[in-house]
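The values are calculated or read from the model by the stated rules, or taken from the named source; none is laboratory data. Note that the structure is a prediction, hence the values are computed from the model and not measured. Because the Cβ atoms are built from the backbone with ideal geometry, glycine has one as well, and the counts that use them run over all protein chains shown.
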Amino acid sequence: MGTLKIHSENILPIIKKWLYSDKDIFVRELVSNSCDAISKLRTLSDDSSDEWRIDIKIDKEKRTLTFSDNGIGMDADEVENYIAQIAFSGAEEFVEKYQSDKEEDQIIGHFGLGFYSSYMVAENVEIQTLSYKEGAEPAHWNCDGSVNYTLDKGTRKTRGTEVILSLSKDEDEFLEDAQLRRILDHYCSFLPYPIYLNDKQINEKPPLWMKPASECTEQEYLDFYHHLFPMEPDPLFWVHLNVDYPFNLKGILYFPKISQDAEIKKETIKLFCNRVFVSDNCRDLLPEYLTIMRGALDSPDIPLNVSRSYLQMDRTVRQLGTHISKKISDRLATLYRSEKEKFLSYWDDIELIIKFGALQDDKFYERVKEFLVWKNSDQEWITVEEYRERHPDQTIYYTSEEGHFLDLYREKGIEVLVIKPSMIDQAMLQFLERKTNSTFKRIDAELDEKILDPSKEKSLLDADGRSEAARLAEFFQNKLDVEVEAKSLASESMPAFIMLKEEERRMRDHFAQQSRKDMSGFVKPTFVINTNSKLINAIHAVEKFDPELSKQMAHEVYDLACLSQKEMDPKSLNAFITRSNEVLEKLACKAIG
């Protein structure tokens with residue numbers, strides 16, 4: 001008869017209620033202990049012919065779960081040390097005595113607290129064990145969760161250990177084959193020794209990250225991805241990690257197809273420690289911009305909390321994150337340099353990673369800036385640096401949509417970058433301005449002299465000393481009650497457009513994103529009319545015959561400009577449609593007399 005060597009009689013209730021956040025973890029801990037027992041024996045034994053195995057048996061009638069292995073086993077003294085003394089780590093003592101650099105010899109878990117997780121679901125736990133030592137006697141340990149236990153001679157005939165859990169009355173779910181299968185698949189799919197649930201093997205597929213990248217086929221990478229994420233489409237490409245200095249890290253990270261912004265928030269990278277699943281939340285290990293990726297990471301060096309449920313931040317974790325980031329950028333750079341067309345075909349799916357990374361990490365930006373690409377007005381992919389080499393004046397023209405105004409710049413041979421109207425692209429503009437000492441200007445923020453035609457400018461003065469252009473501007477301003485400028489554009493095809501200064505647009509967009517309020521009333525766009533447009537001049541001429549129709553047509557041109565540049569207030573749409581029908585009706589009636 002003995003008493004558990006602990007400092008407080010309340011330690012088991014604490015373990016039971018507070019140490020582990022999820023009851024399922026007891027399965028992981030007991031199977032890990034069995035793996036350790038086999039690994040220890042393999043380290044000590046020259047005999048590699050044994051068929052190692054771990055068995056889990058369900059007995060619904062007796063309401064028991066039994067975890068057994070054919071590993072190293074224990075004698076009575078070892079049971080006393082490793083089980084009865086909570087927080088004494090048998091694995092740590094073993095590692096100190098038998099250090100090995102071989103990965104297959106690494107110890108996964110620890111007897112002690114891990115073993116006591118079984119009391120989360122069991123009212124009584126027994127151990128039947130027989131040491132591998134010649135002449136050893138079997139030992140039997142029994143404890144009902146109190147501080148008292150019994151340790152006497154056991155009945156086991158073969159080397160190894162079996163742990164028998166008599167389940168509590170409210171834990172019937174763990175007597176269901178499907179439930180145990182789910183837990184084992186979740187935590188133990190990649191453990192190194194065969195695991196059987198009621199004689200059916202669970203872990204038939206070894207983790208691909210253990211295999212050298214040079215020996216892995218493309219199909220193996222795809223199959224492994226679908227094993228991890230069964231319902232997902234094929235990934236684009238992947239990075240196989242294999243680091244042994246200054247820390248140990250293996251894994252495969254995949255670049256997924258990203259179809260919705262919501263997918264970014266998924267927990268999609270599985271974290272393992274010595275092939276034991278720990279968590280699918282790697283936000284403390286990886287930089288935020290890489291959590292969009294999917295895959296698996298395995299490292300024995302990651303510091304875990306005592307229940308092995310989440311990371312504890314330290315220098316190693318930060319180093320791991322930095323190293324993984326560099327590997328990702330190296331893979332992207334290699335793809336861009338060697339298979340540029342393929343890289344560009346992936347751009348819609350990988351640009352979030354690259355842009356988020358550039359914004360959040362200066363070192364990452366320096367590594368990816370050579371392939372931080374944008375389309376230009378001729379549908380060519382270029383970088384900001386390449387644009388600046390072609391246009392040394394440090395002004396970079398950009399637009400957020402196709403349209404007649406962009407055609408005007410194309411006709412004049414002015415290169416324009418096409419920037420998406422998204423928050424991240426707007427943030428990238430300001431970031432790149434600082435990094436490259438450039439100025440970004442949207443093409444409808446000001447008039448470049450190259451798109452004007454001074455030779456067609458209507459500058460003749462009337463009796464009142466006003467030019468024809470000034471009269472047109474005044475006419476439209478009176479009709480619309482907005483700020484109007486009249487300019488001689490090089491093209492006659494574009495009657496008018498909305499011009500909003502770059503600084504004002506950015507301020508409006510910033511406040512709208514931050515407060516989600518409509519800030520349009522705080523900025524005043526300018527309506528620019530083209531004095532060379534036949535439509536503009538015709539509307540002015542209609543004033544003499546039908547002032548009301550002239551006013552309606554002026555509003556039509558203004559609303560069409562707003563609509564084409566996505567500046568129309570949604571509340572104005574119904575009025576625009578009603579007025580359009582009225583104008584068309586009047587013009588049609590006049591045409592037929």
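Please verify whether LEU165 is in contact (Cβ under 8 Å) with a residue 60 or more places away in the chain and out of contact with any His (no Cβ under 6 Å at 6 or more places or on another chain), treating the condition exactly as stated. Against the criterion (in contact (Cβ under 8 Å) with a residue 60 or more places away in the chain and out of contact with any His (no Cβ under 6 Å at 6 or more places or on another chain)), LEU165 qualifies. Applying the criterion of at least 2 residues that are modelled with pLDDT under 90 to the helices (runs of 4 or more DSSP H) found wholly in region 41-140 leaves 90-97, 113-116. In the set LEU228, LEU241, only one residue is out of contact with any helix residue (DSSP H, G or I) (no Cβ under 8 Å at 6 or more places or on another chain), in the same structural domain as PHE272 (by TED's automatic domain parsing) and surrounded by 15 or more Cβ atoms within 10 Å (Cβ to Cβ); that residue is LEU228. Residue count for region 283-307, restricted to those that are part of a strand (DSSP E or B) and at pLDDT below 90: 1. For LEU408, the requirement of being in contact (Cβ under 8 Å) with a residue 24 or more places away in the chain and in a helix (DSSP H, G or I) is met.
Considering SER189, SER146, the condition of being surrounded by 16 or more Cβ atoms within 10 Å (Cβ to Cβ) and either within 34 Å of the chain's Cα centre (by Cα) or in the same structural domain as ILE83 (by TED's automatic domain parsing) (or both) is satisfied by SER189 alone. Name every residue in region 212-228 that is touching a His at 6+ places or on another chain (Cβ under 9 Å) and outside any helix (DSSP H, G or I), in order of residue number. Hits for region 212-228 are PRO212, CYS216. For ILE183, indicate whether it is within 29 Å of THR322 (Cα to Cα), touching a residue at least 12 places away in the same chain (Cβ under 8 Å) and either in a strand (DSSP E or B) or of a type in the set (Val, Ile, Thr) (or both). Criteria not met by ILE183. Scanning region 436-468 for residues that are assigned to a helix (DSSP H, G or I) and over 54 Å from the mean Cα position of the chain (by Cα), we see that the one that is modelled with the lowest pLDDT is LYS456. For region 194-206, taking the residues that are over 32 Å from the mean Cα position of the chain (by Cα) and in a loop (DSSP other than H, G, I, E, B), the one that is nearest to GLU51 (Cα to Cα) is identified as PRO194. Scanning region 373-394 for residues that are outside any strand (DSSP E or B), closer than 13 Å to SER438 by Cβ, touching a residue at least 12 places away in the same chain (Cβ under 8 Å) and not acidic (Asp, Glu) gives VAL384, TYR387, ARG388, ARG390, HIS391, GLN394.
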